[in-house]
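Notes follow the structure.
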Amino acid sequence: VRNGYHQPRDLLTGVGAIEVKAPRVNDKRIEEETGERKRFSSAILPAWARKTPQISEVLPLLYLHGLSSGDFVPALGRFLGSTAGLSASVITRLTETWKGEQRAFGERDLSGVDYVYLWVDGIHVNIRLEEHKLCLLVMIGVRADGRKELVALADGYRESTESWADLLRDCKRRGMRAPVLAVGDGALGFWAALSEVFPQTRAQRCWFHKIANVLGAMPKSAHPAAKKALAEIWNAEDKEHAERAVKDFQALYGAKYSKAVAKVVDDLDELLAFYDYPAEHWVHLRTTNPIESTFATVRHRTKVTKGPGSRAAGLAMAFKLIESAQKRWRAVNAPHLVALVRAGATFVGGKLVERPDETSPEGRSPVAA
């Protein structure tokens with residue numbers, strides 16, 4: 001029954017602060033099991049609520065994208081007309097919630113999802129209150145339906161082989177299948193770990209990192225021409241043309257810059273692996289760009305705040321940033337071909353061979369159309 005009104009309070013909404021005078025309720029209902037009085041709770045205006053759900057959703061997004069917790073009151077108080085619910089402690093409570101969500105994500109079951117392609121990278125983030133940087137081990141996968149998804153995010157030690165092996169073993173224990181192809185930087189300890197945990201997975205070196213390494217072994221005056229020669233390799237019509245472009249690059253620069261040429265020739269199989277898959281997927285498989293572009297937001301956030309205060313907070317913050325970015329990720333080109341890659345279909349020159357000869361040069365198992 002109605003029993004007067006509570007004291008007026010300000011409620012922060014998207015159009016500013018409004019004064020709310022909620023009715024006081026005398027709940028006379030009795031719990032059948034306990035015999036005690038029930039307590040009425042409004043679904044429209046919960047007890048102690050000082051801001052609407054829309055404002056609650058905006059606050060963590062602003063924090064993740066660079067607004068410091070101490071700036072909420074002066075920045076949003078004037079804009080919204082009230083400072084209710086904008087204290088730094090609100091963000092502190094949110095970060096604790098994010099830590100729990102990140103831990104739950106790292107323990108989820110992976111047996112129901114099939115990741116065909118896998119991008120991996122190690123991202124280093126400053127920790128404001130610690131001497132050593134946080135090394136985030138990131139794995140983003142492509143599901144059999146072509147959608148991209150964060151597979152794992154963990155705190156590693158300088159991208160070491162053991163750190164990557166621990167992460168891969170944990171994913172395997174939780175039901176993850178071996179991906180068909182993994183894409184990553186050549187300097188990672190990931191490759192030794194991959195050969196131990198998922199030896200059947202093929203390796204593809206990131207061309208973005210490889211080009212930087214090659215140019216680092218050459219004088220700046222040679223960079224423009226070298227970039228064009230390298231583009232003839234990774235942007236070739238097919239694998240055969242790419243191999244010819246490698247020979248041209250070796251003939252052109254082998255005498256003067258043998259170390260630069262060796263960086264390409266020594267890793268040639270891993271650099272050209274993407275040519276054995278659908279041509280529509282080549283643009284996705286040549287680099288680790290899905291990770292690099294996503295973590296541009298993380299780097300911006302840590303630059304503004306000079307890094308998170310702890311390793312756990314940094315891990316939780318990165319998880320929420322990726323979770324937010326993941327909603328905007330688009331599927332790979334020709335997503336229907338991803339399932340064929342998992343089935344072991346043969347692709348020559350980027351095109352599906354429906355009835356490949358058993359003695360095909362790629363040595364891949366034939367699949368009937």
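The values are calculated or read from the model by the stated rules, or taken from the named source; none is laboratory data. Everything numeric here is computed off the predicted structure, so don't read it as measured data. Here the Cβ is made from the backbone with ideal geometry for all residues, glycine too, and neighbour counts use every protein chain on show. Note: areas computed on protein heavy atoms with side chains; ligands, DNA, RNA excluded. Shrake-Rupley method; radii C 1.70, N 1.55, O 1.52, S 1.80 Å.
Can you give me the number of residues within segment 105-118 that are modelled with pLDDT under 95 and either closer than 21 Å to Gly314 by Cβ or crowded, with 21+ Cβ neighbours inside 10 Å (or both)?
The qualifying residues number 4.
Have a look at Thr97, Thr92 and point out the one that is within 20 Å of Ala154 (Cα to Cα), modelled with pLDDT of 70 or more, of a type in the set (Ser, Thr, Tyr) and open to solvent by 50 Å² or more (accessible area, probe 1.4 Å).
Values: Thr92 fails: within 20 Å of Ala154 (Cα to Cα).
After applying the criteria, what remains is Thr97.
Does Ala222 satisfy the criteria of being surrounded by 13 or more Cβ atoms within 10 Å (Cβ to Cβ) and closer than 21 Å to Glu280 by Cα?
Details: surrounded by 13 or more Cβ atoms within 10 Å (Cβ to Cβ): yes; closer than 21 Å to Glu280 by Cα: no.
Judged against the criteria, Ala222 is not a match.
Quick one: would you say Ala182 is in contact (Cβ under 8 Å) with a residue 60 or more places away in the chain and open to solvent by less than 10 Å² (accessible area, probe 1.4 Å)?
Values: in contact (Cβ under 8 Å) with a residue 60 or more places away in the chain: yes; open to solvent by less than 10 Å² (accessible area, probe 1.4 Å): yes.
When the stated conditions are applied, Ala182 passes them.
Could you check Trp234 against (1) over 22 Å from Lys148 (Cβ atoms); (2) open to solvent by 60 Å² or more (accessible area, probe 1.4 Å) and say which number it fails?
Just one mismatch for Trp234, condition (1).
Has segment 61-78 got at least one residue that is at pLDDT 65 or above and farther than 25 Å from Lys320 by Cα?
No, because not a single residue in segment 61-78 is at pLDDT 65 or above and farther than 25 Å from Lys320 by Cα.
Write out, first by first residue and then by second, each pair whose Cβ atoms fall under 7 Å of each other, whose residues are 6+ apart or on separate chains, and whose first residue, in segment 316-330, is assigned to a loop (DSSP other than H, G, I, E, B) and open to solvent by 20 Å² or more (accessible area, probe 1.4 Å) while the second is at pLDDT 85 or above and not hydroxyl-bearing (Ser, Thr, Tyr).
Trp329/Lys148
Kindly establish whether Leu188 is at pLDDT 95 or above, among the aliphatic types (A, V, I, L, M) and out of contact with any Leu (no Cβ under 8 Å at 6 or more places or on another chain). Full working, then the answer.
Values: at pLDDT 95 or above: no; among the aliphatic types (A, V, I, L, M): yes; out of contact with any Leu (no Cβ under 8 Å at 6 or more places or on another chain): yes.
No; evaluated as a whole, the condition is false for this residue.
I need every pair where a residue in segment 279-294 that is touching a residue at least 12 places away in the same chain (Cβ under 8 Å) has its Cβ under 8 Å from the Cβ of a residue that is surrounded by fewer than 17 Cβ atoms within 10 Å (Cβ to Cβ) and of a type in the set (D, E, K, R), sequence separation at least 6 or different chains.
Note: pairs meeting the criteria are Ala279/Lys351.
Sort out for me the helices (runs of 4 or more DSSP H) sitting completely within segment 183-296 that have 2 or more residues that are closer than 21 Å to Thr346 by Cα.
Values: elements: 190-197, 207-216, 223-234, 239-253, 258-265, 268-271, 282-285.
Result: 239-253, 268-271, 282-285.
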